[in-house]
Amino acid sequence: MKRLKDQAVHVARRTVKGAAALALHYSGVQDLISTVQRRAVGGVRVLILSYHRVVGNYPLESDRGLPTLNIGRDTFRKHLEVLCQTHEVVRLDDALEVLAGRRAARRDLAIITFDDGYRDVYEHAFPILREMKLPAVAYVPSAFVGTPKRLAHDRLWAALKTMERRRLGPMSVGVGGEYEGLLLRAFEGAPTPNKALELLIADNPTPVLYSLAEVLEDRLRIDRAEAPRGQLPMGWEMLREMGAHGIETGAHTADHTVLTNQPLDEARREIAACKSVLEKGTGRPVRHFAYCNGWYSAGVAQALRAEGFVSAVTTEDIPNMPGVDPYALKRKVLWEMSSAGILGGWSKALAACQFNDTFGMLALQKPVLGARPTRFGSSRPSDLGQTAHG
């Protein structure tokens, strides 16, 4: 009953948002709001878009992986077509010059980015970007490039979905001990795999997440070799080829680590290792960074500056204005349903409202902020974090 109620609420919200987008877009109010906002900030705005997987078959891949990370190839192309009408798509370095006041721009600027280094970015997104001659940044976790390893959130989501299908709860799955406690806390008030996964990521250091994934896979007898091909990491040749066509490689830690969940000394090691490995593998400087989960702190930002990074992006859904901190750049995270209109299909009006931050300016949606306290000190040994991830 609760699930049906949640679905009804979701459909109602989508309908209201889709109808509002149609009215705002085709009446011209959206353009008027954008003009007022642009004048209010004394210059152009910079929109940074964040994608994860660009897939060939959205329904299939969303059944096999976390749906909110996926956007269909055709929808992605439509996003870019609308984006080119509303913004000038530029390199991140060029946008930083404008934000710092060292360069002028006549139109609002946009940067396209991808997180996590998924192979289907190379297979599905790269051909479209190359055809349209658009630059982008692919933020990748260095320890995964060219390997068959999968990220913790993908493995955990698959395990949690398996538990749901088999009607297994945190206790009945049989992981025992501290792992059972982790699951109980995650499922308390968060009955869906998506919500439980969010809580697991928020509350636990990265080694614990990989250890839990491994234990769940063993208990549920999940074959790790059956992962979707596009969910695997890109290889070095792919990154180098994309780099030659304007798709820059950025850093996303070594092990896809939420750095604010780690002591600062560990965060520094992750940052340094990631930069070194990526520069050696791509043969190019790596100067831009993306915070995992969008969470950052003053200490982590200082560590990035010390390693020679010139920017870092969050997932705070706010336009970037001149004078913004380059180590706390804002991004809009998008997936297939971000531009789904009243009937659930593609809506150009909704996409345009998203790109122009119309709903944010009307206070119809609020950004989730990513700033966290700096964690000082050293990590404590944990039995949960001793298992090597695969």
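The values are calculated or read from the model by the stated rules, or taken from the named source; none is laboratory data. On a predicted model such as this, the values are computed, not experimentally measured, just so you know. Using ideal geometry, Cβ is built from the backbone for each residue, glycine included, and neighbour counts are taken over all protein chains shown. Heads up: the accessible areas ignore ligands, DNA and RNA and are worked out on the full protein's heavy atoms, side chains in. Shrake-Rupley method; radii C 1.70, N 1.55, O 1.52, S 1.80 Å.
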Query - Efficiency of FRET between LEU60 and PHE376 - r from beta-carbon atoms, R0 56 angstrom, step 0.05 - result: 0.80
**Report entry** Accessible area of the stretch 233-364 divided out per residue, in Å², using a probe of 1.4 angstrom
**Finding:** 35 Å²
Query raised in the report: In what sequence, highest mean first, do 100-111, 66-77, 218-229 appear when ranked by Cβ atoms within 10 angstrom?
Result: 66-77, 100-111, 218-229
Query - Local net charge near PRO67, Cβ-Cβ under 14 Å (Lys/Arg +1, Asp/Glu -1) - result: -2
**Report entry** the stretch 68-140 - Rg (one decimal) and Dmax (whole number), Cα, Å
**Finding:** 13.1, 37
Query raised in the report: Taking square-rooted eigenvalues a ≥ b ≥ c of the alpha carbon gyration tensor, is the stretch 201-347 rounded, prolate or oblate, where a/c under 1.5 means rounded and, failing that, a/b exceeding b/c means prolate?
Result: rounded
Report task. Might you report the magnitude of the Cβ-based charge dipole of the stretch 73-153 about its Cα centre, with Lys and Arg at +1 and Asp and Glu at -1, to the nearest 20 debye? Result -> 80 debye
Query - Total formal charge among the other residues, if their Cβ is under 11 angstrom from that of LEU109, Lys/Arg +1 and Asp/Glu -1 - result: +1
**Report entry** Percent carbon-and-sulfur accessible area, the stretch 110-248, ignoring ligands, DNA and RNA, probe 1.4 Å
**Finding:** 51 percent
Query raised in the report: Could the peptides 197-207, 336-346 be put in order, highest first, of the mean number of other beta-carbon atoms found within 10 Å of their residues?
Result: 197-207, 336-346
Query raised in the report: Which far-off residues, 5 or more places away or on another chain, put their amide H under 5 Å from the one on ALA138, with H placed in the peptide plane?
Result: PHE114, GLU248, THR249, GLY250
Query raised in the report: Remind me, what semi-axes does the stretch 227-280 give for its equivalent ellipsoid, largest first in whole Å, using sqrt of 5 times each Cα gyration tensor eigenvalue?
Result: 24, 15, 8
Requested in this report: Label the stretch 199-265 by shape, choosing from rounded, prolate and oblate, from the square roots a ≥ b ≥ c of the eigenvalues of the Cα gyration tensor; if a/c is under 1.5 it is rounded, and otherwise prolate applies when a/b is larger than b/c, oblate when it is not.
Outcome: oblate
Report summary line: Between PHE289 and residues 5 or more places away or on another chain, the pairs with built amide H atoms under 5 Å apart involve ALA251, SER311, ALA312, VAL313
**Report entry** the stretch 275-319: Cα Rg divided by the 2.2 N^0.38 Å rule of thumb
**Finding:** 1.24
Report task. Could you tell me which of the pairs LYS280/LYS366; LYS161/LYS280; LYS133/LYS280; LYS195/LYS280; LYS133/LYS161; LYS195/LYS366 are separated by over 29 angstrom between their Cα atoms in the structure shown? Result -> LYS280/LYS366; LYS161/LYS280; LYS195/LYS280; LYS133/LYS161
**Report entry** Per-residue HN-Hα couplings for the stretch 93-98 [Karplus 6.51, -1.76, 1.60; θ = phi - 60°; Hz; x = Gly/Pro]
**Finding:** 4, 5, 5, 5, 4, 5
Query raised in the report: Given R₀ = 56 Å, FRET efficiency for ILE222-ARG107 by Cβ-Cβ distance, to 0.05?
Result: 0.70
Query raised in the report: Going 7 Å from the Cα of LYS133 in the Cα-to-Cβ direction, what parts of the stretch 236-264 have a backbone nitrogen less than 17 Å from that spot?
Result: 244-247
